[in-house]
Amino acid sequence: MGNIDANLDRLAALEGMGCSRKRREDPRFIQGKGTYVDDVKMPGMLFGVMVRSPYAHARVLKIDKTRALAHPGVHAVLTADDLKPLKLHWMPTLAGDVQAVLADEKVVFQNQEVAFVVADDRYVAADAAELVEVEYEELPVVIDPLKALAPDAPVIREDIRDKQTGAHGARSHPNHIFTWNVGDKDKTARVFDNADVTVRQEMLYPRVHPCPLETCGCVASFDKARGDLTVYITSQAPHVVRTVVGMLSSIPESKIRIISPDIGGGFGNKVGVYPGYVVSIVASIVLGRPVKWIESRAENLSTTAFARDYHMTGELAADSSGRIKALRVHVVADHGAFDACADPTKWPAGMFHVCTGSYDIPNAFVSVDGVYTNKFPGGVAYRCSFRVTEAVYLIERMVDVLAQKLGMDKAEIRLKNFIRKDQFPFSTPLGLDYDSGDYEPALRKVLAAVDYPALRAEQTARRADANAEWLMGIGIATFTEIVGAGPSKMCDILGVGMFDSCEIRVHPDGSAIARMGTITQGQGHQTTYAQIIASEAGIPASVITVEEGDTSTAPYGLGTYGSRSTPVAGAAVARASHKIREKARQIAAHLLEASPDDVEFDLDRFVLKGSPEQFKTIKQVAWAAYHNVPEGMEMGLEAVDYYDPPNFTFPFGAYACVLEVNRFTGETRVRRFYALDDCGTRINPMIIEGQIHGGLTEGFAVAMGQELPYDEAGNLLGGTLMDYFIPTSFETPHWETDFTVTPSPHHPIGAKGVAESPHVGSIPCFTSAMVDAFAHLGVTHMNMPHNAYRVWQQSRSLGLAR
Ligand code: MCN
Ligand code: CUM
């Protein structure tokens, strides 16, 4: 008994995987002691402010900087003409397109970067920006992506008007970016032709924005004497920024240091390289002084990486029993005026082809047309797993629509079509190989938890009551996520494969530092990576420092997005830990004067097999590593691992939502939201729950209120927080969470990513519940956002409200 207690004490002291260790980063943050980019102050630092276009599409006839330059405190006003000799007026995007750094002869979206004013402080720069006189000639505007390919549509990108092929194949129109087809078109068509039942539904996933608390920004500092460039930057991928800056500037990467300090939320908004970064660097090189640029909220909401804007049409074919036979999808994807989608996969619609979802659908065909419009660029951001949000929304909506047509229950149709546990690994008709899953128990657990039959009975009673003011909607979503970009044969950024890395150094006293190629923006990496090392190498998490974000110290890595940190870098941590453990075992054997084969790892020590009283702790081994190692072994105890995963990981979940909808006002109340997630091996249950709460809250925001609409002239309506919905604790529902554990078979510790799942899964669940409130009246779909005004309109159109 005593032994077991002692072992439990040793286990607890490690704070390894499975332990809800408190977040190590929070004491700093809650005391206001974080260091964000805007906290960085350098001697002689200047400030840059952008001059932006008021028009969505216009020729730039003339830029007069005279008055701005004469303003006291102004050091420079940069325009495209100044960048031209440096060949920096255009830059490559992550999607194989080019983007104007500063407008070159024309502007193609409202708030596009036109000039950059550098001055002693931000106020002076802002005043001087007003003095830059730009003469525009307005051009006709294309806002609706469905009209972008019309023969007479205005040409947005005159720079590539005659380019017949883009980064993803043939282009059919000057506003056309790509057509991406996946699946078997003819076979799918035949199944549709012969199906018992087919359904078709158009839906819009509106343009939204992740709106992180901290906007984008940087401090660029070029040291002329040393020829070194240092950039503090809000980046989710600092090494990638270094490589891009190296390519653009021809400064060797060894002379570039990119530092992502604390980041106040990224959510995919901080993956790309933005004009503000580039011009700050140029300004610093030109002026020889550090230059800071920080976006305003409005600039962030109207120029840097939005999300979605997917106009989707889905079709399902099924037999009369509800067995799905085929899926067909067409998408018009609005990428804005430059294709700057932060999508590192080789597919132009990212992982959209996960849209067969959790279901065994034998035939599928998907076609996506990417188009240019006069809106700001982006598309991949906001807990999206590279278009999985859109894919899951589509299939979950379609399955609901089919159930309605067949008069089937929406839980039943899902249970009928799930991929079964014994079918994994499962190859989908669109070419993905799901690693593991166990969908049915997950949904059954949720149905039991919310007492689904009772909810349906209550709803039936409510529907029967003609005077009921509150309608009741029940939503279900059972989703399959795809995270962990990625196998480098499928994912790269500008040619760099998407491995990730970890370097661990164990110091003589047994404490350690782990340096990572990823960068936390709030996900708690400093806490959780240490837990993996604790479990896998026996070093207590409390003495492990985790460092990220400085390219001069961290091993090259591709950064944090697409919930890839756990599936990719987490695997590198485990494997580096195993290397440490193996070397330590050899040293322990040497100290125990035993053969390494007779020595085994046990939690925090190395034990002589058969005599557990004879052991060396990892702490003792660490000390020995610096003075007493076996003959011929290098001193020191460190390891590095670069991990290129063999496949993605496929987390999944089952969600249920109960919504109360006021038929007179359109007001809604989330009565219950139950989220069951399966992310394989769980490293820190508390952090997972926090991530899920965050993702659900953002899902609620998107489903219920967020959108970035435009008027016909290309003016962004709602690009400030006066209009853009950010839920506070007041609006946010109460979340109930649950889990199952289905490890990934190919990940060294069986872990899958989790951070985006709640966002991906909750949004269709909200819509499912919203539509369900009106389903008995024949409604099959309602577009987001489900704000009170729009819901009231729906209610009124059905005669339920005045
Ligand atoms: N985790 C775990 N066990 C697992 C999986 C994850 O304990 N099986 C823990 C990890 O150790 C990590 C956290 O959960 O501390 C998230 O891990 P993971 O799912 O691997 O996702 P990433 O760390 O790669 O985070 C990226 C993801 C993305 S793409 C967006 S968008 C998003 C999100 O994280 N942006 C965020 N969550 C965010 N949370 C905060 N606070 N801020 C953001 O900007
Ligand atoms: Cu798609 S948002 Mo996250 O990948 O940073």
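I'm told THR356 meets every condition in (1) touching a helix residue (DSSP H, G or I) at 6+ places or on another chain (Cβ under 8 Å); (2) open to solvent by 10 Å² or more (accessible area, probe 1.4 Å) except one. Can you identify the failing condition by its number? Going through the list (1) touching a helix residue (DSSP H, G or I) at 6+ places or on another chain (Cβ under 8 Å); (2) open to solvent by 10 Å² or more (accessible area, probe 1.4 Å), THR356 breaks only (2).
Of the helices (runs of 4 or more DSSP H) lying entirely inside segment 32-135, the ones with 3 or more residues being open to solvent by 20 Å² or more (accessible area, probe 1.4 Å) are found at 66-70, 122-131.
Look at (1) buried (at least 22 other Cβ atoms within 10 Å of the Cβ); (2) free of Cβ contacts under 8 Å to residues at least 40 places away in the same chain; (3) of a type in the set (Val, Ile, Thr) and you find that ILE395 fails only one, number (2). Got at least one residue in segment 426-443 being more than 27 Å from the chain's Cα centre (by Cα), among the hydrophobic types (A, V, I, L, M, F, W, C) and open to solvent by 10 Å² or more (accessible area, probe 1.4 Å)? Scanning segment 426-443 turns up no residue that is more than 27 Å from the chain's Cα centre (by Cα), among the hydrophobic types (A, V, I, L, M, F, W, C) and open to solvent by 10 Å² or more (accessible area, probe 1.4 Å). Those strands (runs of 3 or more DSSP E) of segment 185-269 in which 2 or more residues are open to solvent by 20 Å² or more (accessible area, probe 1.4 Å) and not assigned by TED's automatic domain parsing to the domain that holds LEU94 occupy 197-208.
Every residue, every condition in (1) outside the structural domain of ILE519 (by TED's automatic domain parsing); (2) open to solvent by less than 10 Å² (accessible area, probe 1.4 Å); (3) under 20 Å from ARG515 (Cβ atoms); (4) touching a His at 6+ places or on another chain (Cβ under 6 Å), yes or no:
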position: ARG575; (1), (2), (3), (4): no, no, yes, no
position: ILE580; (1), (2), (3), (4): no, yes, yes, no
position: LYS583; (1), (2), (3), (4): no, no, yes, no
position: ASP598; (1), (2), (3), (4): no, no, no, no
position: ASP602; (1), (2), (3), (4): no, no, no, no
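Here is the figure for segment 116-136: residues that are among the hydrophobic types (A, V, I, L, M, F, W, C) and either under 10 Å from SER53 (Cβ atoms) or modelled with pLDDT under 95 (or both) total 1.
The criterion of being among the aromatic types (Phe, Trp, Tyr), farther than 30 Å from ILE513 by Cα and outside any helix (DSSP H, G or I) holds for TYR724. From the list ILE233, ILE160, the one residue that fits, being closer than 30 Å to ASP262 by Cβ and at pLDDT 95 or above, is ILE233.
Scanning segment 136-172 for residues being assigned to a strand (DSSP E or B) and of a type in the set (Asp, Glu) gives a total of 2. Of everything listed in (1) within 23 Å of the chain's Cα centre (by Cα); (2) under 30 Å from ASP433 (Cβ atoms); (3) more than 16 Å from ligand 2 (Cβ to nearest atom), the single unmet condition for SER757 is (3).
Yes/no matrix, rows are residues, columns are (1) within 21 Å of the chain's Cα centre (by Cα); (2) not in a loop (DSSP other than H, G, I, E, B):
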position	(1), (2)
ALA554	no, no
GLY559	yes, no
SER563	yes, no
THR566	yes, yes
GLY570	yes, yes
ARG575	no, yes
HIS578	no, yes
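Contact annotation: residue pairs with Cβ atoms under 6 Å, 6 or more positions apart or on different chains, pairing a residue in segment 46-57 that is under 11 Å from VAL114 (Cα atoms) and charged (D, E, K, R) with a partner that is open to solvent by 30 Å² or more (accessible area, probe 1.4 Å) and part of a loop (DSSP other than H, G, I, E, B), are ARG52/ASN111.
Let's see how each residue does on (1) within 24 Å of the chain's Cα centre (by Cα); (2) away from ligand 2 (no atom under 16 Å from the Cβ); (3) surrounded by fewer than 20 Cβ atoms within 10 Å (Cβ to Cβ):
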| residue | (1), (2), (3) |
| --- | --- |
| ARG462 | no, yes, yes |
| ALA466 | no, yes, yes |
| LEU471 | no, yes, no |
| GLY484 | yes, no, no |
| VAL496 | yes, yes, yes |
| HIS525 | yes, no, no |
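Based on what the data block shows, is PHE725 outside the structural domain of ARG505 (by TED's automatic domain parsing), touching a Leu at 6+ places or on another chain (Cβ under 7 Å) and aromatic (Phe, Trp, Tyr)? Spelling it out, it is not the case that PHE725 is outside the structural domain of ARG505 (by TED's automatic domain parsing), touching a Leu at 6+ places or on another chain (Cβ under 7 Å) and aromatic (Phe, Trp, Tyr).
The values are calculated or read from the model by the stated rules, or taken from the named source; none is laboratory data. The model shown is predicted, which means the values in this text are computed figures rather than measured ones. Counting neighbours? That spans all protein chains shown, and the Cβs are built from the backbone with ideal geometry, glycine included. Accessible surface is based on the protein model in full, side chains and every heavy atom, while ligands, DNA and RNA are left aside. Shrake-Rupley method; radii C 1.70, N 1.55, O 1.52, S 1.80 Å.
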